[in-house]
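Remarks on the structure that follows.
The values are calculated or read from the model by the stated rules, or taken from the named source; none is laboratory data. Bear in mind that the values here come from a model prediction, so they are computed numbers and not experimental data. We place every Cβ from the backbone using ideal geometry, glycine too, and count neighbours over all the protein chains shown. For the accessible areas, the whole protein counts, side chains as well, though only heavy atoms, and no ligand, DNA or RNA atoms are used. Shrake-Rupley method; radii C 1.70, N 1.55, O 1.52, S 1.80 Å.
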Amino acid sequence: MKRRTFIAGLGSAAAWPVVARAQQAAMRVIGFLSSQSADDDTNRTVSFLRGLKETGYVEGQNVAVEYRYAENQYDRLPALAADLVRRRVAVILAAGPEAALAAKAATTTIPIVFSTGRDPVALGLVASLSRPGGNLTGYAELSGELAPKRLQLLRELLPHVARFGVLADPAFPATPSTVANLQAAARTLGLQLVVVDARTDSDLEAAFAIFSQQRVGAVLIGLSTFYNRRIEQLAALAVRHALPAIFAYREYALAGGLVSYGSSNAYPFHQVGIYTGRILKGDKPADLPVQQVTKIEMVINLKTAKALGLTIPETLLATADEVIQ
């Protein structure tokens, strides 16, 4: 009896790999296409998986995720997108406008959920925000369009300053339009901008030296995946050169930056995760309006202000969503 039970147990155990393979084969697969690296996307991936879980899908349990990273080499995206299409994934998550455009070019049938910091209608990703049509929908943060507001906040912070610096990543696709918007805003406000390109660590050191030489009163840090990997370094550079600085994401203020105005860099991916789960359950991208960021917040770091010997106007403190003591 014991022998038969043991043999039966062996038979059952031998069947486990077969069952596991069958379950894995039946598990639906999400393609995660990013222009960045795995390290760059850590926080965004966690946020995406959290949103996905809210819809009932957990990676490794009832859904699989195939990750493809272009390592900031945008010309690799078309091949990576084509690979996901060949693998017949159920949904493609496109992280960033370049990834979204590559995915759109690769398939007209597989649903695509994107996150972009640029206008998806102007990019040609969707017909409209309310009725995207086709196989794409997603989340539009439009952080670059907030740049003029950041410049205005710097002016309110330092009303007697007329010259401001802009740190710009020439390799980041949204940089030309962001700088153009800033130049237009500066003309309206009667301000002068000193725009310095920086793409490497040595560039960052040199850029802040130029800002000091040019006697700018404060610095606006542009959008860049490269900068997002150096949050602490940029915050420290600004303090070391005694330059007030404003950033796009709250993560910078938390790391010691003086002011941030925008959203969390990871927040849109939580929403993208929810949309991805809804599509896995049967919703069509064409029926899901493109969501726009509604959570814009200003974070002020008073500890950094003290280090800079700067008094924050009460009007700004009163309107801040978060003040770090």
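With the Cα gyration tensor of the stretch 150-215 giving a ≥ b ≥ c as the square roots of its eigenvalues, does the rule (a/c under 1.5 for rounded; else a/b larger than b/c for prolate; else oblate) give rounded, prolate or oblate?
Oblate.
Within the stretch 178-215, which residues have the backbone N less than 18 Å from the label spot 7 Å out from residue 242 along Cα→beta-carbon, could you tell me? Residues 208-215 fall inside that zone. Using the charge dipole of the chain (Lys, Arg: +1 at Cβ; Asp, Glu: -1 at Cβ; taken about the Cα centre), state which of 151, 167, 275 has its Cα farthest towards the positive end. The residue sitting farthest along the positive end of the dipole is 275. Distance between the 7 Å Cα→Cβ label points at residue 149 and residue 306: 2.9 nm. An oblate overall shape is assigned to the stretch 50-137, the ratio a/c of its alpha-carbon gyration tensor axes (a ≥ b ≥ c) being 1.5 or greater and a/b not exceeding b/c.
Per residue, the solvent-accessible area of the stretch 204-263 (1.4 Å probe, heavy atoms of protein chains only, all protein chains present) comes to 33 Å².
So how strong a dipole does the stretch 162-291 carry about its Cα centre when Lys and Arg Cβ are +1 and Asp and Glu Cβ are -1, to the nearest 20 debye?
Using only the charged Cβ atoms, the result is roughly 220 debye.
At q = 0.13 Å⁻¹ the log10 of I(q)/I(0) for the stretch 126-235 amounts to -0.54, computed by Debye summation with a single uniform scatterer per C-alpha, solvent ignored.
Computed on the Cα trace of the chain, the radius of gyration divided by the Kirkwood hydrodynamic radius gives Rg/Rh = 1.09.
Between the listed residues 243, 186, 233, the Cα displaced farthest toward the positive end of the dipole of the stretch 177-247, a dipole computed from Cβ unit charges relative to the Cα centre, is found at 186. Straightening the chain between residue 130 and residue 284 buys 54.1 nm, computed as 0.36 nm per residue apart minus the Cα-Cα spacing.
With 0.36 nm allotted per residue and the present C-alpha distance subtracted, the residue 317-residue 177 stretch has 47.4 nm of extension available.
Within the chain, which DSSP H helices have Cα atoms that stretch 27 Å or more along the helix axis and a mean Kyte-Doolittle hydropathy of at least -1.0?
Working: long enough: 2-26 (35 Å, 0.19).
Length and hydropathy pass: 2-26.
Checking the a/c ratio against 1.5 first, then a/b against b/c, what shape does the Cα gyration tensor give for the stretch 204-315? Prolate, since a/c reaches 1.5 and a/b exceeds b/c. Bridging of residue 306 to lysines at a Cα separation below 27 Å is possible for 149, once same-chain residues fewer than 8 apart are set aside.
Dipole magnitude of the chain about its Cα centre, charges +1 at Lys/Arg Cβ and -1 at Asp/Glu Cβ only, in debye to the nearest 20?
On the way: 33 positive and 27 negative charges, 230 e Å.
That gives a dipole near 1100 debye.
Under the simplified labelling scheme, the residue 230-residue 158 pair shows an inter-label distance of 2.0 nm, with each label point 7 Å from Cα along Cα→Cβ. Our helix-only sum for the chain, with -39,500 (n - 2.57) per DSSP H run of n ≥ 4 divided by its residues, gives a mean residue ellipticity at 222 nm of -13500 deg cm²/dmol.
If packing is taken as the average number of other Cβ atoms within 10 Å across a peptide's residues, how do 313-323, 257-267 rank, most packed first? Write down the numbers at each step before the final one.
Values: 313-323: 12.5, 257-267: 24.1.
The densest-packed peptide leads the list: 257-267, 313-323.
Between residue 254 and residue 75, the distance separating the two model label sites (each 7 Å from Cα on the Cα→Cβ line) works out to 3.7 nm.
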